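Some notes on the structure that comes next.
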Amino acid sequence: MKANGEAIYATAASPVSAPAWGRCTQKRLPDGATRLYLHVFDWPKDGKLVLGGLANKPLKAALLADGKALAVSAAGNAITVDVPAQAPDPIASVVAVDLSGEPEVAQASPAPAPVAALPPGANPDPYADETPAQRDARMRWWREARFGMFIHWGVYAVPAGTYRDKRIGGIGEWIMHNGKIPVAEYRAYAKRFNPLRYDPDAWVRLAKEAGMKYLVITAKHHDGFALFDSKVTDWDVVDATPYGKDLLKPLAEACRRHGMKLGFYYSQAQDWTHPGGAAAGGHWDPAQDGSMDEYIRTIAVPQVRELLSGYPDLAILWWDTPMNMNAERATPLVSLLRLRPGIIHNNRLGGGFHGDTETPEQHIPATGYPGGRDWETCMTMNDTWGFKSYDQNWKPVETLVRNLVDIASKGGNYLLNVGPTAEGLIPEPSVERLKAVGAWMKVNGEAIYATSASPFKRLPWGRCTKKARGDSTTLYLHVFDWPADGSLVVPGLKNAVTDAHLLAAPDRKLQTRANPAGVTLSLPPEAPTPYCSVVVLTIRGEPEVEVPPLAQQADGTVRLAAADAVLHGSQIQYESGHNRDNVGYWLDPKEWVDWTFQVDKPGTFSVTVEIAATGSGTFELVAGGTRLRGKAPNTGDYGRFEKVDLGTLELAKGKVLLEVRPVAEGWQPLNLRSVTLRPK
């Protein structure tokens, strides 16, 4: 008391609910400020003491025992104090934080109102009559975020890819399905699901350190197991595991403390444990049989209601696999979204409801989505979503960073997955990569957050994002391939440049000059950051870009993508989406495609095409006076592409027209993704 009595005598009750690390008292000071006394029972191991629920900006902080000043900051209705590694007092240490004025308690989202019955004929989609302005306001935070964490976690982390001493193929969270594990046998894994090392605050801090702005966790995956305390089933973490506690509530609280938006993934159709739930390929255990309509009524609808009602900060509902979902089954689910006004949901509910976002999985669309449609690519860091103990095929950091840049340059979001263990730990390779991405984002985040898509159709050296700023535009040039000669050409740009500098070194101005090819920048010899360096280019007005002809890459390679092809015919078309990004609907052998490109490094080139087909149609490639004939491989699926080598051709310097035409006799449709010419 001699050291800390000030924090007890003449104090008032805490302005917020009791924090996990201890207690709080408060006292008004003569100058009108408020001093909070943070009584810390459990000293934070990471050196970050977080008090959530206050909107005030702190003035200063110090250890009460010796007056030593401490760094303090605020973000997302939470105050964070940087504390030393060791607690001054082994029983309870007190940190004093001064606030301006009275404590301003952050308002939680209002409790949801009951969903009223819809009048006959009314659209159950709460956003059906939304105006463009209302939609823009609702989607604004999501569009600005650009980067989020996906978390696949559940009972499947216990077998971790192995069933009866056999490694089961496919993704880890599908082990019950792919291994055809009986329901009773699979349920037994829950007795070994005891994540005592689960630290939701550490998970959120990791996401924040990586530069992520939101996270989405599997509240219930296809195995039907709920990570929350559901009142309509005992197949949940509270009733079926020795852990016995809701896993989502502390994660939601951690998100609130750290200003992280929260989303829940929910498998509404597939459920391999509750009778009546759908299963890809059909049921394999009689215990799964039942009425899907009854399953929707007694499990899916009440559980979605529990999630929307019980977690007031929920910002995203991420449906998955709309198997057998008709309008009658989907309607009561979409109607429940009225419980949480403003919530964002995706396109995987089914029943004709398109949701707010497209969800390309494990791929990046070549050109984004047409019509301003919002989209989010979800990807794994290795080859599985749910934890598999032996999957060590990790993507390099460079790939993760460049994926993020590529996606942002096309106007999308990147939802990057982690698959925690049954103990509650995010695998160390994931942690290492997220921290490395975060280090890059700390320098370059300005070029990702709140940016819009590139005004350029293609850039040979990297990607571009942009921000409109009144009567000027900032272009962020993401350079993957740093020019060895120090000259970077921004092709086709016609605007006057008012400023150019490196994002990593804002004081280092760069020389620019306009020329017929666009704008050329003079860069230093070395790239300032790994993976991708950003040049900031400020121009007058909105970007005016003259689309230049396709050209060779620095090594002389020419890659002709389907998105750049000129299509000749009434049926042939460009397709985008999952396993597409190709020329398709090639039904008529009289229709063809071509590309025009510039060759500055002439010579002999090997020719490779990427094709998917269910037949073996013959085609011809014509360029530079050479005609090459090829036959499509039967890949078994129009989304399964294979490379076909056609031989070599000679190209002279100048403009080249390359055509791909069907051979009419015996023609069978094919999908063409790309043509690549490589110097021999």
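The values are calculated or read from the model by the stated rules, or taken from the named source; none is laboratory data. Bear in mind that the values here come from a model prediction, so they are computed numbers and not experimental data. Positions of Cβ are generated from backbone atoms using ideal geometry, with glycine treated the same way; all protein chains shown enter the neighbour counts.
Annotations
The rows are residues; the columns are (1) closer than 29 Å to TRP142 by Cβ; (2) at pLDDT 95 or above; (3) among the β-branched types (Val, Ile, Thr); (4) in a helix (DSSP H, G or I).
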{"site": "THR273", "(1), (2), (3), (4)": "no, yes, yes, no"}
{"site": "GLY282", "(1), (2), (3), (4)": "no, yes, no, no"}
{"site": "ALA287", "(1), (2), (3), (4)": "no, yes, no, yes"}
{"site": "VAL301", "(1), (2), (3), (4)": "yes, yes, yes, yes"}
{"site": "ARG305", "(1), (2), (3), (4)": "yes, yes, no, yes"}
{"site": "MET325", "(1), (2), (3), (4)": "yes, yes, no, no"}
{"site": "THR331", "(1), (2), (3), (4)": "yes, yes, yes, yes"}
{"site": "VAL334", "(1), (2), (3), (4)": "yes, yes, yes, yes"}
{"site": "LEU337", "(1), (2), (3), (4)": "yes, yes, no, yes"}
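- Residue check, VAL418 over 22 Å from ILE175 (Cβ atoms), of a type in the set (A, V, I, L, M, F, W, C) and in the same structural domain as GLY372 (by TED's automatic domain parsing): no
- Failed criterion for THR34 (all others in (1) among the hydroxyl-bearing types (Ser, Thr, Tyr); (2) touching a Pro at 6+ places or on another chain (Cβ under 9 Å); (3) modelled with pLDDT under 90 hold): (3)
- Here is the figure for region 490-501: residues that are surrounded by fewer than 18 Cβ atoms within 10 Å (Cβ to Cβ) and closer than 16 Å to SER533 by Cα total 1.
Condition check ((1) free of Cβ contacts under 8 Å to residues at least 24 places away in the same chain; (2) farther than 23 Å from PHE456 by Cα; (3) in a loop (DSSP other than H, G, I, E, B); (4) not β-branched (Val, Ile, Thr)) across all residues:
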{"position": "GLN571", "(1), (2), (3), (4)": "yes, yes, yes, yes"}
{"position": "TRP595", "(1), (2), (3), (4)": "no, no, no, yes"}
{"position": "ILE611", "(1), (2), (3), (4)": "no, yes, no, no"}
{"position": "THR614", "(1), (2), (3), (4)": "no, yes, yes, no"}
{"position": "GLU620", "(1), (2), (3), (4)": "no, yes, no, yes"}
{"position": "VAL644", "(1), (2), (3), (4)": "no, yes, no, no"}
{"position": "ALA664", "(1), (2), (3), (4)": "no, yes, yes, yes"}
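- The set of residues from region 233-285 being among the hydrophobic types (A, V, I, L, M, F, W, C) and more than 22 Å from PRO420 (Cβ to Cβ) comprises ALA269, ALA278, ALA279, ALA280, TRP284.
- Inside region 224-244, residues that are in contact (Cβ under 8 Å) with a residue 12 or more places away in the chain and either crowded, with 24+ Cβ neighbours inside 10 Å or not hydroxyl-bearing (Ser, Thr, Tyr) (or both) make up a count of 12.
- Members of region 72-96 found to be small (Gly, Ala, Ser) and either at positive phi or touching a helix residue (DSSP H, G or I) at 6+ places or on another chain (Cβ under 8 Å) (or both), listed by number: ALA75, GLY76, ALA78, ALA96
- For first residues located in region 366-386 and farther than 20 Å from PHE456 by Cβ, partners that are in a loop (DSSP other than H, G, I, E, B) and basic (Lys, Arg) and lie 6+ apart or on another chain with Cβ distances below 6 Å form the pairs MET381/LYS395.
- Any chance PRO530 is in a loop (DSSP other than H, G, I, E, B) and either surrounded by fewer than 18 Cβ atoms within 10 Å (Cβ to Cβ) or of a type in the set (Ser, Thr, Tyr) (or both): yes
- Tabulated pairs, region 295-324, first more than 25 Å from ALA280 (Cα to Cα) and of a type in the set (A, V, I, L, M, F, W, C), second at pLDDT 95 or above and outside any strand (DSSP E or B), C-beta under 6 angstrom, 6+ apart or interchain: LEU308/LEU336; LEU308/LEU339; LEU308/ARG340; LEU314/ARG340
- Among the conditions (1) within 30 Å of TRP153 (Cβ to Cβ); (2) touching a helix residue (DSSP H, G or I) at 6+ places or on another chain (Cβ under 6 Å), the only one that GLU432 does not satisfy is (2).
- Selection status of ARG559, in contact with a Pro (Cβ under 9 Å, 6 or more places away or on another chain) and within 30 Å of VAL479 (Cα to Cα): no
- Scanning region 546-559 for residues that are hydrophobic (A, V, I, L, M, F, W, C) and at pLDDT below 95, we see that the one that is surrounded by the most Cβ atoms within 10 Å (Cβ to Cβ) is LEU550.
- Summed over region 473-498, residues that are over 11 Å from THR520 (Cα atoms) and either in a strand (DSSP E or B) or not small (Gly, Ala, Ser) (or both) total 15.
- Scan region 11-62 for residues that are under 30 Å from the mean Cα position of the chain (by Cα) and within 22 Å of PRO88 (Cα to Cα) and the total you get is 9.
- Listed by position, the helices (runs of 4 or more DSSP H) inside region 149-244 whose residues that are at pLDDT below 95 and at positive phi number at least 2 form an empty set.
- One residue stands out in region 360-387 among those that are modelled with pLDDT of 95 or more and assigned to a loop (DSSP other than H, G, I, E, B): the one that is surrounded by the fewest Cβ atoms within 10 Å (Cβ to Cβ), namely ASP383.
- Screening ASP485, ASP481, ASP499 for residues that are more than 22 Å from VAL547 (Cα to Cα), assigned by TED's automatic domain parsing to the domain that holds CYS532 and out of contact with any strand residue (DSSP E or B) (no Cβ under 6 Å at 6 or more places or on another chain) leaves exactly one candidate, ASP485.
- Region 543-567: number of residues that are in a loop (DSSP other than H, G, I, E, B), farther than 17 Å from LYS653 by Cα and hydrophobic (A, V, I, L, M, F, W, C): 2
- Selection status of VAL607, among the aliphatic types (A, V, I, L, M) and touching a residue at least 60 places away in the same chain (Cβ under 8 Å): yes
- Only residues that are outside any loop (DSSP other than H, G, I, E, B) and surrounded by fewer than 22 Cβ atoms within 10 Å (Cβ to Cβ) were counted in region 533-542, giving 3.
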